[in-house]
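Inspection log for the structure reproduced underneath, given as structure tokens.
The values are calculated or read from the model by the stated rules, or taken from the named source; none is laboratory data. Computed from a prediction, not measured in an experiment: that's the story for all the values here. Cβ sites come from the backbone with ideal geometry, for glycine too, and all protein chains shown count toward neighbours.
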Amino acid sequence: MTIQLEDLELLEAVRCFGLEQQDPLVEKFKPSLRDWGDDWIDVERTRLPAADFLDDALARAVPQTKSLLETFVRHRSRLRWEQSYSKEDGVVPDTMLAAYGFAEILGKQGPFVSASIRAGVGIYGPNIEYPIHRHHPEEIYIVLVGAADFMIGSAEGIRKTAGDVVFMKSNTPHGFRTRDEAFVVYYLWQGGDLRETSSFG
């Protein structure tokens, strides 16, 4: 199957958004965003209820995040919306499973295949608790919409809102609780297994 223009638009939106960030924490991710690879695969389209939060998120977007959100709203039906956990895993609450998901654009499983970086958008509904977890890859969140209170390492109650950058070093325990509106982030992973399942506790 031939690569679609819509997929290229998503790729450029995700790459450009990361490359335009001026925060020093994002700098170390930029080489991999620039030289992610050159393979594309056609991925299965899937839907999750979390994607329904995008309309409200776009309505609340600040100017610096609006363009990226508009791109995801336009193309949400052609994305593979995923979750890392299931009810059977028993590691996250049912309330989280009912209202979270992510769409990966760059990563090991495509559609744009990269062994060096993972990038996309994650959505977490209102009043969700993401329990403390850790993983080897280092991670960046750039908050697109909403607010959440983070625990990172020994620090607790770190409020992050639209435009803020959140950095998790490799194997640092972290988690968060969203507030009364959906919380949408742009995420970057690099280092180690880019599809590693987090460990809890």
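Computed quantities for the displayed model
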read-out	value
Matching strands (runs of 3 or more DSSP E) fully within segment 73-188 where at least 2 residues are surrounded by 15 or more Cβ atoms within 10 Å (Cβ to Cβ) and of a type in the set (A, V, I, L, M, F, W, C)	100-107, 118-124, 138-145, 147-152, 165-168
Meets criteria (at pLDDT below 95 and out of contact with any Pro (no Cβ under 7 Å at 6 or more places or on another chain)) for S154	yes
Qualifying residue in segment 40-54 (condition: of a type in the set (S, T, N, Q), more than 17 Å from the chain's Cα centre (by Cα) and modelled with pLDDT of 95 or more)	no
Cβ pairs under 7 Å, 6+ apart, first in segment 1-18 and within 13 Å of Y187 (Cα to Cα), second outside any helix (DSSP H, G or I) and modelled with pLDDT of 90 or more	V14/I105; V14/L106; V14/A119; V14/G120; F17/Y186; G18/F29; G18/A119; G18/L188
Residue in segment 31-38 that is more than 16 Å from the chain's Cα centre (by Cα), among the basic types (K, R), at pLDDT 95 or above and within 27 Å of S170 (Cα to Cα) present	yes
Filtered residue count, segment 1-23, keeping only those that are touching a strand residue (DSSP E or B) at 6+ places or on another chain (Cβ under 9 Å) and under 16 Å from I140 (Cβ atoms)	6
Residue list for segment 34-64, restricted to those being outside any helix (DSSP H, G or I) and in contact with a Phe, Trp or Tyr (Cβ under 8 Å, 6 or more places away or on another chain)	W36, G37, D39, W40, T46, R47, L48
Positions within segment 189-201 being in a loop (DSSP other than H, G, I, E, B) and touching an Asp or Glu at 6+ places or on another chain (Cβ under 6 Å), in sequence order	G191
Sole residue being polar (S, T, N, Q) and more than 16 Å from the chain's Cα centre (by Cα), chosen from S77, S84	S77
When residues of segment 42-53 are limited to those that are in contact with a strand residue (DSSP E or B) (Cβ under 6 Å, 6 or more places away or on another chain) and either among the hydrophobic types (A, V, I, L, M, F, W, C) or in contact (Cβ under 8 Å) with a residue 40 or more places away in the chain (or both), the one surrounded by the most Cβ atoms within 10 Å (Cβ to Cβ)	A50
Selection status of D38, surrounded by 15 or more Cβ atoms within 10 Å (Cβ to Cβ), farther than 17 Å from E139 by Cα and of a type outside the set (S, T, N, Q)	no
Verdict on S170 being over 20 Å from A99 (Cβ atoms), free of Cβ contacts under 8 Å to residues at least 12 places away in the same chain and of a type outside the set (A, V, I, L, M)	no
Selection count where residues are without any contact (Cβ under 8 Å) to a residue 12 or more places away in the chain and assigned to a helix (DSSP H, G or I), scope segment 19-33	4
